[in-house]
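The values are calculated or read from the model by the stated rules, or taken from the named source; none is laboratory data. All of these numbers come straight from a predicted model, not from anything done at the bench. All Cβ positions, even for glycine, are placed from backbone atoms using ideal geometry, and neighbour counts span all protein chains on display. We work out accessible area using only protein heavy atoms, side chains counted, and drop any ligands, DNA or RNA first. Shrake-Rupley method; radii C 1.70, N 1.55, O 1.52, S 1.80 Å.
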Protein chains: 2
Amino acid sequence: MTERAAGPRARSDDLTAKARIRREALHLFAEHGVGATSLRTVAASAGVTVGLIVHHYGTKEALCDAVELEVVDLFAEAIASVPVADRPAAELVAARDVAVAEMLADNPAVVDYLRRAILHGGGDRKDLVSRLTELTAQQVHDLRSAGLASTRQTVGEQVVTIMVRQLGRLFLQPLVDRIAEEFDDLAGLPRPQLLVSLTR
Amino acid sequence: MTERAAGPRARSDDLTAKARIRREALHLFAEHGVGATSLRTVAASAGVTVGLIVHHYGTKEALCDAVELEVVDLFAEAIASVPVADRPAAELVAARDVAVAEMLADNPAVVDYLRRAILHGGGDRKDLVSRLTELTAQQVHDLRSAGLASTRQTVGEQVVTIMVRQLGRLFLQPLVDRIAEEFDDLAGLPRPQLLVSLTR
DNA sequence: TAAAAGACTGTACACATGTATAGGAAGTGC
DNA sequence: GCACTTCCTATACATGTGTACAGTCTTTTA
């Protein structure tokens, strides 16, 4: 996991400057996009100079990679947090979905960041979506070798299904909210909720 | 609609330089985002100098506005293209959905641009999502006063439903495609299709 | 034909960006 | 005490950015 051990000169925050940089970067990247966030903005938010960012991460892209790795870590932690007790596969999968959903609810910046990451991909770069796909594929393989997952679909189909179920609603919900925001008659009411499913 | 009348010095393309600038801007903004696209890139793609962009649009934000207005125009044209013949409301709405879907299929850049636009909003600026919402609300009002739309839901609910149906799948499909892309076993098969619906 | 208007270019400028680097401050091991 | 590493600041620089503007060419108007 990412290092939490307070190095020499830990700040009052209990977070290392290095960690603070990553955290602020995640928030700013999520809110304004990576391209629109300058290292100086990150530095100011973290109460640090630009030089230190360079010292710790070398380049902006490397900082971005570090942020993405932390995001993947959060997913991995959430999944790992639910015990693989002896129970039906469907229940285990559902429990994992819940754990991931809770993690995302606790870290809204992750959701925003992810939403952006989906748009930028495509290149051959090892990006966030690829890494999360890997993580999910690993999850499916584990379930299969434990005899807990159906083998009637291909692995690919199962991975797509899981990821869409976990992420789909989160990505589309802001559209619904943005639109609903423009109507007074929807002000008090609970927001309409999205239902996302897959057909072959 | 946006001016197509060839001004003085129309190029071989049949498009005015001004129109070409807007078109290239749309494509580049859609592909790389507004922030990551410089006016010089737009100028080069349009075979024009930066000065001319400034001459025609004044500022980058104004160019961006012009692009968005053209996108809204495309939606309005698509909707207006289907005659309001005497037929059941459901059929009319469905026909409009098809027209919009066809327009989007013909202009993939519009889809990409829109997908990005959803993320950036929030501010008080009159942005694309607001404008499209207005357009859809107008559509709903027209249907209502022609006695073609149910009045059992609020206008807001109807607008959200229409927009989500029209746009939802398009926004999420790239996620599905990106993930599917990572699996060889899905290479030949048709991509899984998304189904997006709303619950209250 | 002369003049006004608009399309268009090229250059210049102030500013923000990412990165490099020299050096100071603070902790650790001997 | 001293070297040594790590954390951190400050300054500098090359490059890319949006915008401004003076001037040229072309079309339109009269």
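Summing +1 for each Lys or Arg and -1 for each Asp or Glu, what net charge is found among the other residues whose Cβ lies under 10 Å from the Cβ of B:Val84? Each step should come with its number before you reach the end.
Details: positive: B:Arg87, B:Arg96; negative: B:Asp86, B:Asp142.
Net local charge, B:Val84 excluded: 0.
How many nm is it between the label spots at B:Ala187 and B:His141, if each spot is 7 Å from the Cα in line with the beta carbon?
That separation, rounded to one decimal, is 5.4 nm.
Work through the residues other than A:Arg144 whose Cβ is under 15 Å from its Cβ and net out their charges, Lys, Arg +1 and Asp, Glu -1. Present the calculation step by step, with values, prior to reporting the outcome.
Values: positive: A:Arg96, A:Arg152; negative: A:Asp142, A:Glu157, B:Asp185.
Value of the local net charge: -1.
Measuring nothing but label to label, 7 Å from Cα along Cα→Cβ, what are A:Thr154's distances to the other copies in nm, shortest first?
For A:Thr154, the inter-copy label distances come out at 4.6 nm.
Taking the full set of protein chains and a 1.4 angstrom probe, give the accessible area of B:Arg191 in square angstrom, rounded to the nearest 10.
My reading of the accessible area for B:Arg191 is about 90 Å².
Suppose only helical runs count, i.e. DSSP H with n ≥ 4. What mean residue ellipticity at 222 nm does that imply for chain A under -39500 (n - 2.57) per run, divided by all residues and rounded to the nearest 500 deg cm²/dmol?
Helices in chain A give a 222 nm mean residue ellipticity of -21000 deg cm²/dmol.
Find the accessible area per residue for chain A; the probe is 1.4 Å, ligands and nucleic acids are left out, and the unit is Å². Could the numbers behind the result be given before it?
Details: 10200 Å² over 200 residues.
Here the residues of chain A average 51 Å² of exposed surface.
Rounded, prolate or oblate: pick one for the range A:77-157, where a ≥ b ≥ c are the square roots of the eigenvalues of its C-alpha gyration tensor, a/c under 1.5 means rounded, and failing that, prolate if a/b is larger than b/c, else oblate.
Oblate shape, in that a/c is at least 1.5 and b/c is the bigger or equal ratio.
With the crude spin-label approximation of a point 7 Å out along Cα→Cβ, what separation in nm comes out for B:Ser45 versus A:Leu52?
3.9
Can you tell me the dipole magnitude for the protein assembly as shown around its Cα centre, using point charges on the Cβ only (Lys, Arg +1; Asp, Glu -1), in Debye to the nearest 20?
Numbers: 46 positive and 54 negative charges, 101 e Å.
Using only the charged Cβ atoms, the result is roughly 480 debye.
Using the Cα gyration tensor of the protein assembly as shown, with a ≥ b ≥ c the square roots of its eigenvalues, what is the shape: rounded (a/c below 1.5), prolate (a/b larger than b/c) or oblate (neither)?
The shape class here is oblate.
Using the 7 Å Cα-to-Cβ label point, sort the distances from B:Thr59 to its equivalents in the other copies shortest first and give them in nm to one decimal.
3.4
For labels at B:Asp177 and A:Ala62 in the simple 7 Å Cα→Cβ model, what's the distance in nm?
3.5
From the label point of B:Ala80, set 7 Å from Cα along Cα→Cβ, how far away are the matching label points in the other copies, in nm, ordered shortest to longest?
Output for B:Ala80: 5.9 nm, nearest copy listed first.
Using a 1.4 angstrom probe on heavy atoms only, work out the carbon and sulfur share of the accessible area of the protein assembly as shown in %.
For the protein assembly as shown, the apolar C and S fraction of the accessible surface comes to 54 percent.
Ignoring everything but the protein chains, give the 1.4 Å probe accessible area of A:Thr59 in square angstrom, nearest 10.
Ignoring ligands and nucleic acids, A:Thr59 comes out at about 80 Å².
Could you give the dipole magnitude of the range A:64-200 about its Cα centre, charging the beta-carbon of Lys and Arg +1 and that of Asp and Glu -1, in debye to the nearest 20? The partial results should precede the final answer.
Working: 14 positive and 21 negative charges, 124 e Å.
Roughly 600 debye for the range A:64-200.
Is the C-alpha gyration tensor of the range A:26-130 telling us rounded, prolate or oblate? Criteria: a/c under 1.5 is rounded; beyond that, a/b larger than b/c is prolate, otherwise oblate.
Cα axes put the range A:26-130 in the prolate bin.
Total Å² of accessible surface buried at the A-B contact, 1.4 Å probe, nearest 100?
3800
Springs between alpha-carbon pairs under 10 angstrom, Gaussian network model over chain B: which of B:Asp97, B:Asp142, B:Asp86 fluctuates most?
Maximum among the listed residues: B:Asp86.
How much FRET efficiency would the formula 1/(1 + (r/R0)^6) give for A:Ser197 and A:Val98, where r is the Cβ-Cβ distance and R0 is 30 Å, rounded to 0.05?
Numbers: r = 18 Å, r/R0 = 0.60.
The pair A:Ser197/A:Val98 has a calculated efficiency of 0.95.
Check every DSSP H run in chain A and write down those whose alpha carbon atoms cover 18 angstrom or more along the long axis and whose mean Kyte-Doolittle hydropathy is 0.5 or greater.
Details: long enough: A:17-32 (22 Å, -0.54); A:60-80 (30 Å, 0.85); A:89-106 (26 Å, 0.90); A:108-120 (19 Å, 0.42); A:128-145 (26 Å, -0.21); A:155-180 (37 Å, 0.68).
Correct list, ordered by number: A:60-80, A:89-106, A:155-180.
If I build a Gaussian network model for chain B, linking alpha-carbon pairs within less than 10 angstrom, which residue out of B:Pro174, B:Pro88, B:Pro190 has the largest mean-square fluctuation?
Result: B:Pro190 has the largest fluctuation of those listed.
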